[in-house]
1. Within segment B:15-52, can you find the residues that are part of a loop (DSSP other than H, G, I, E, B) and within 9 Å of chain A (Cβ to nearest Cβ)?
2. (1) among the hydroxyl-bearing types (Ser, Thr, Tyr); (2) at pLDDT 90 or above; (3) touching a Ser or Thr at 6+ places or on another chain (Cβ under 8 Å): which one isn't true of B:Thr31, the others all being true?
3. Quick check on this structure: which one of B:Pro115, B:Pro40 is in contact (Cβ under 8 Å) with a residue 40 or more places away in the chain and open to solvent by 40 Å² or more (accessible area, probe 1.4 Å)?
4. Within segment A:19-30, does at least one residue satisfy the condition of being in contact with a Leu (Cβ under 9 Å, 6 or more places away or on another chain) and either within 23 Å of B:Leu48 (Cβ to Cβ) or modelled with pLDDT under 90 (or both)?
5. When you go through (1) within 14 Å of chain A (Cβ to nearest Cβ); (2) surrounded by fewer than 21 Cβ atoms within 10 Å (Cβ to Cβ); (3) of a type outside the set (Gly, Ala, Ser); (4) touching a strand residue (DSSP E or B) at 6+ places or on another chain (Cβ under 6 Å) one by one for B:Thr78, which number turns out not to apply?
6. When A:Gly109 is evaluated against the numbered criteria (1) under 27 Å from B:Ala88 (Cα atoms); (2) crowded, with 22+ Cβ neighbours inside 10 Å; (3) away from every other protein chain (no Cβ under 11 Å), which criterion, by number, is the only one it fails?
7. Among residues belonging to segment B:81-115 that are away from every other protein chain (no Cβ under 14 Å) and over 16 Å from the mean Cα position of the chain (by Cα), point out the one that is farthest from A:Arg59 (Cα to Cα).
Amino acid sequence: DTGVSQNPRHKITKRGQNVTFRCDPISEHNRLYWYRQTLGQGPEFLTYFQNEAQLEKSRLLSDRFSAERPKGSFSTLEIQRTEQGDSAMYLCASSQASGLAGIDEQYFGPGTRLTVT
Amino acid sequence: AQKVTQAQTEISVVEKEDVTLDCVYETRDTTYYLFWYKQPPSGELVFLIRRNSFDEQNEISGRYSWNFQKSTSSFNFTITASQVVDSAVYFCALSEDTGFQKLVFGTGTRLLVSP
């Protein structure tokens, strides 16, 4: 399978615990994105990497959230001191910068569903 | 500020009916991009189409067609002869050409196609 993969697919944690999710993009893609989707809503942008550089962060990304892409390949999203409001589907997407101006087609992974009890 | 409105929360049709999903957007930019994604029950968002603001030609791909009208800020999606496999949540999304790659999604329209 050469699509975007995410692990784990499901995570149940107690409030106050830390969690980390992993995203493996499509191998030739140099851009990677994290979104959050709550029930009945569309995905909301969290952050974006080009190679290993984190170029944009949403104000939704509080200090408890941190994302990394250390070698420009896979990425991790960590949530510290989880709260019940963090319960959501966390989606990762990747794209290949075409070298032309414009917005890429983003290809999404299956998501990690987080439940904070 | 960017905003995407999908006023139809849920649509139910019987197989072989045509159905149109509405999308209205707001942006201050003259250069922007519009997208449609499909989210089947498995949860993975599937890319369907991207259009830029300078290309108002309608597009047809098999049973799918898209109508982009800048005058009404709409980018509507029509499925002809719907099938049960079309049942999913469909999202319209917008991105301004700011150099950043952020998609702003609508709240989605759930399409239920019954046999």
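1. Restricting attention to segment B:15-52, the residues satisfying the condition of being part of a loop (DSSP other than H, G, I, E, B) are B:15-18, B:22-23, B:27-31, B:40-45.
If the condition is that a residue be part of a loop (DSSP other than H, G, I, E, B) and within 9 Å of chain A (Cβ to nearest Cβ), then B:Thr31, B:Ser42, B:Gly43, B:Glu44, B:Leu45 are the ones that fit.
2. Condition not satisfied by B:Thr31: (2).
3. On the way: B:Pro40 fails: open to solvent by 40 Å² or more (accessible area, probe 1.4 Å).
Answer to the selection: B:Pro115.
4. Initially, segment A:19-30 is screened for residues in contact with a Leu (Cβ under 9 Å, 6 or more places away or on another chain), giving A:19-23, A:25.
In the following step, the residues that additionally are either within 23 Å of B:Leu48 (Cβ to Cβ) or modelled with pLDDT under 90 (or both) were identified as A:23, A:25.
Within segment A:19-30, one or more residues are in contact with a Leu (Cβ under 9 Å, 6 or more places away or on another chain) and either within 23 Å of B:Leu48 (Cβ to Cβ) or modelled with pLDDT under 90 (or both).
5. (1)
6. The failed condition is (3).
7. Of all residues in segment B:81-115, those away from every other protein chain (no Cβ under 14 Å) come to B:81-87, B:111-115.
Filter once more, keeping what is over 16 Å from the mean Cα position of the chain (by Cα): B:81, B:83-85, B:113-115.
Values: B:Ala81: 42, B:Gln83: 40, B:Val84: 39, B:Val85: 37, B:Val113: 38, B:Ser114: 41, B:Pro115: 44 Å.
By that ranking, first place goes to B:Pro115.
The values are calculated or read from the model by the stated rules, or taken from the named source; none is laboratory data. Computed from a prediction, not measured in an experiment: that's the story for all the values here. Here the Cβ is made from the backbone with ideal geometry for all residues, glycine too, and neighbour counts use every protein chain on show. These accessible areas exclude ligands, DNA and RNA; they are computed on the full protein's heavy atoms, side chains included. Shrake-Rupley method; radii C 1.70, N 1.55, O 1.52, S 1.80 Å.
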